[in-house]
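One structure is given here, and the rest of the page talks about it.
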Amino acid sequence: MSAPSPASDATRDEAPRRHTSRDTPRGSPAARAWADWKETRRLWRLGVRLGWLDIRLRYRGSALGPFWLTITSALMVASMGVLYSRLFHMQLATYLPFLSLSLTLWSVGLSSLIQESCTCFLDAEDMVRSVQLPLLLYAVRVVVRNAIVFAHNIVVPLAVFVIYHLWPGINAVLAIPALLLWALDGFAACMLFGSLCARFRDITPIVGALLQIVFYVTPIIWMPQQLGAKASLLLLNPFYPLLEIVRAPLLGHLPSLQVWGIALTLSVVFWAIAIRSFIKTRARLVFWI
Amino acid sequence: MVHIHLDEISLSFPVLHGSSRSLKKTLLARAKSTVAARTGAVGGRMRISNDSSEVVEVQALSDVSFKISGGERVGLVGHNGAGKSTLLRLLAGIYETGEGVLDIVGDTHALIDPNAGMNGELTGRENIQLFACRMGMGRTATQELERDVEAFSDLGAFFDLPVRLYSSGMSVRLGFALATVPRPRILLMDEWFMAGDQKFQDKAKARLEGMVDAADILVVTSHALSILRQWCTRIIWMESGEVRMDGPADDVLDAYEAALAVIPV
């Protein structure tokens, strides 16, 4: 028997008996999933930290760090802006702010969140298998990671707005609840796609391919008005209302209640499916990855 | 009261490989099998056979029941694939099963993998900070932990280099130093903790013994029977997912050794 070292004593005082009675193995799958969520909330700091570490590691050793992302997206916006304003016969001054915002919202917002949600649990394979941590913690990690990348990229449309002396006004505040909705949807995507993609490895590329199609059929590089009278058909595309609730306020418009209504309804349905699937798959997930 | 109760616990898991990983192939196989079932069987359900996309289920544990109460030192023996590690992971809460009743009272800590939860790209120090965050430690506790682990693992300059550059012995040192920090009431330990680098071993032994002494319940798997004889009061002998024998350490180990002598493992 050796005397416990001072550090372990301190540990003992600060983190006293955390889960005195672990009741995870008991209860229905839904109760266990709920316990998973409660544990995730308790450890949220760890989730945020893992998200930050992912970013830091991705850019370790590069002087500009995550600002590389900013530079690439600036280049992308500049080149596409010049080309497509020609193709669409539009003024660069009206087209470029729209394009820079849409493209950023899509590529580092919706698209990357969905794509990365697919590998949510697969990427954490080692940890899931050897450390007892709640699974939803990895969903927090993916959402945080994407939020950080988003914050680095949103600089590009902001710069374009400054160059063209545009100011969205007070309406822009409405983009904040919309972005929160995105974060919640992203969390749900991790629950749904994260577990599905762990079981069936071909879903990840399928999701990627579908996102590519969505990119072209959603008004991202083209404006909804260009459809003319058929623009109302856009509401059938679930990504349009989701994009619009963030984009419209930032461009200074108010999104219609209809658009918000559709976005909220879709999200609620999506959460319901995601939560159901997570409850069903959670206990098996560790065997799949 | 600290205890572990298992009542008729069974656990099976899927072995997914090749085309069972593919959604397309799984759907196709399912379609094929429903056609076959309609045409071939009357009433009974036919299983998909001779198809590579069939999911193979492995029965890792079947009807395992035992009770461990406070103060017991339990060793798990059995040859490879007998279900020892699965059982340990189940007790640690990493695996879950719907079959049977598992009742654990007391905080558990599992020493399953020396590099559990470590990120190879991070330095040793950063991994310690991550570990502290996982344990919910405050700032001062984290600093103390850092000093303690740095001194114990004795990695020198490597402490501030990414873990992926470590030799396997070095990463075991770091992993060991970290994993032995908590003082749980239920300690679950896989056999790698007994092994390790010769120079490191005396130091490691003292630290591990401190941890074991502080725990109310110890469950350990090992092939090193001498260590089990020394440490354990009770041995559970696992064979193909079932408890073959459960009793006082010396009795079970003698029977186990006798069995080993007959069938070489």
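The values are calculated or read from the model by the stated rules, or taken from the named source; none is laboratory data. Keep in mind the model is a prediction, meaning the values are calculated, not measured. Backbone-built Cβ (ideal geometry, glycine too); neighbour counts: all protein chains shown.
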Considering only the stretch B:127-165, how many residues are part of a helix (DSSP H, G or I), under 25 Å from the mean Cα position of the chain (by Cα) and of a type outside the set (A, V, I, L, M, F, W, C)? 5
Give me the pairs: first residue in the stretch A:244-256 and of a type in the set (A, V, I, L, M), second residue outside any helix (DSSP H, G or I), beta-carbon distance under 8 Å, and six or more apart or on different chains, which are they? A:I245/A:P255; A:A248/A:L254; A:A248/A:P255; A:L250/A:P168; A:L251/A:P168
Which one of these is away from chain A (no Cβ under 14 Å), at pLDDT 80 or above, under 30 Å from A:G61 (Cβ atoms) and buried (at least 21 other Cβ atoms within 10 Å of the Cβ): B:G78, B:G124, B:G83? B:G124
Can you name the condition, by its number, that A:A209 falls short on among (1) touching a residue at least 40 places away in the same chain (Cβ under 8 Å); (2) within 14 Å of chain B (Cβ to nearest Cβ)? (1)
Boolean, B:V212 is on the phi < 0 side of the Ramachandran plot, assigned to a helix (DSSP H, G or I), in contact with a strand residue (DSSP E or B) (Cβ under 6 Å, 6 or more places away or on another chain) and not basic (K, R): yes
For A:G51, the lone unmet condition from (1) away from chain B (no Cβ under 14 Å); (2) surrounded by 14 or more Cβ atoms within 10 Å (Cβ to Cβ); (3) of a type in the set (G, A, S); (4) in contact (Cβ under 8 Å) with a residue 24 or more places away in the chain is (1)
Read through the list (1) closer than 25 Å to A:G51 by Cα; (2) in contact with a Leu (Cβ under 8 Å, 6 or more places away or on another chain); (3) within 13 Å of chain A (Cβ to nearest Cβ), then give the number of the only condition that B:M135 fails. (2)
Please find, among A:R247, A:R276, the residue that is among the charged types (D, E, K, R), in contact with a Ser or Thr (Cβ under 7 Å, 6 or more places away or on another chain) and at pLDDT 90 or above. A:R247
Output the helices (runs of 4 or more DSSP H) that fall wholly within the stretch A:99-174 and possess 2 or more residues being away from every other protein chain (no Cβ under 13 Å), farther than 18 Å from A:V77 by Cβ and not charged (D, E, K, R), or say none. A:112-118, A:136-153
Over the stretch A:182-206, the set of residues part of a helix (DSSP H, G or I) and free of Cβ contacts under 8 Å to residues at least 24 places away in the same chain is A:P205, A:I206
Inspect all residues belonging to the stretch B:148-166 and state whether any of them is out of contact with any Asp or Glu (no Cβ under 9 Å at 6 or more places or on another chain) and under 30 Å from A:W288 (Cα atoms). yes
Out of the residues in the stretch A:178-226 that are among the polar types (S, T, N, Q) and crowded, with 20+ Cβ neighbours inside 10 Å, which is nearest to B:S22 (Cα to Cα)? A:S195
Selection within the stretch B:215-265 - in contact with an Asp or Glu (Cβ under 8 Å, 6 or more places away or on another chain), buried (at least 19 other Cβ atoms within 10 Å of the Cβ) and assigned to a loop (DSSP other than H, G, I, E, B): B:S222
Exception for A:L211 within (1) under 23 Å from A:V77 (Cβ atoms); (2) of a type in the set (A, V, I, L, M, F, W, C); (3) assigned to a helix (DSSP H, G or I); (4) modelled with pLDDT under 90 falls at (4)
Tell me which of these B:I104 doesn't satisfy, since it passes every other one: (1) of a type in the set (A, V, I, L, M); (2) within 10 Å of chain A (Cβ to nearest Cβ); (3) in a helix (DSSP H, G or I). (3)
Return yes when B:A177 is more than 7 Å from chain A (Cβ to nearest Cβ) and out of contact with any strand residue (DSSP E or B) (no Cβ under 7 Å at 6 or more places or on another chain) and no when it is not. yes
Considering only the stretch B:107-117, state which residues are farther than 18 Å from A:V286 by Cα and either part of a helix (DSSP H, G or I) or facing chain A (nearest Cβ under 8 Å) (or both). B:D107, B:T108
Could you list, in sequence order, the residues of the stretch A:227-250 that are among the hydrophobic types (A, V, I, L, M, F, W, C) and either touching a Cys at 6+ places or on another chain (Cβ under 8 Å) or surrounded by fewer than 19 Cβ atoms within 10 Å (Cβ to Cβ) (or both)? A:L227, A:A229, A:A231, A:L233, A:L234, A:L235, A:L236
Spot the failing condition for A:V162; the list is (1) within 30 Å of A:R42 (Cα to Cα); (2) out of contact with any Pro (no Cβ under 6 Å at 6 or more places or on another chain); (3) at pLDDT below 95, and only one is missed. (1)
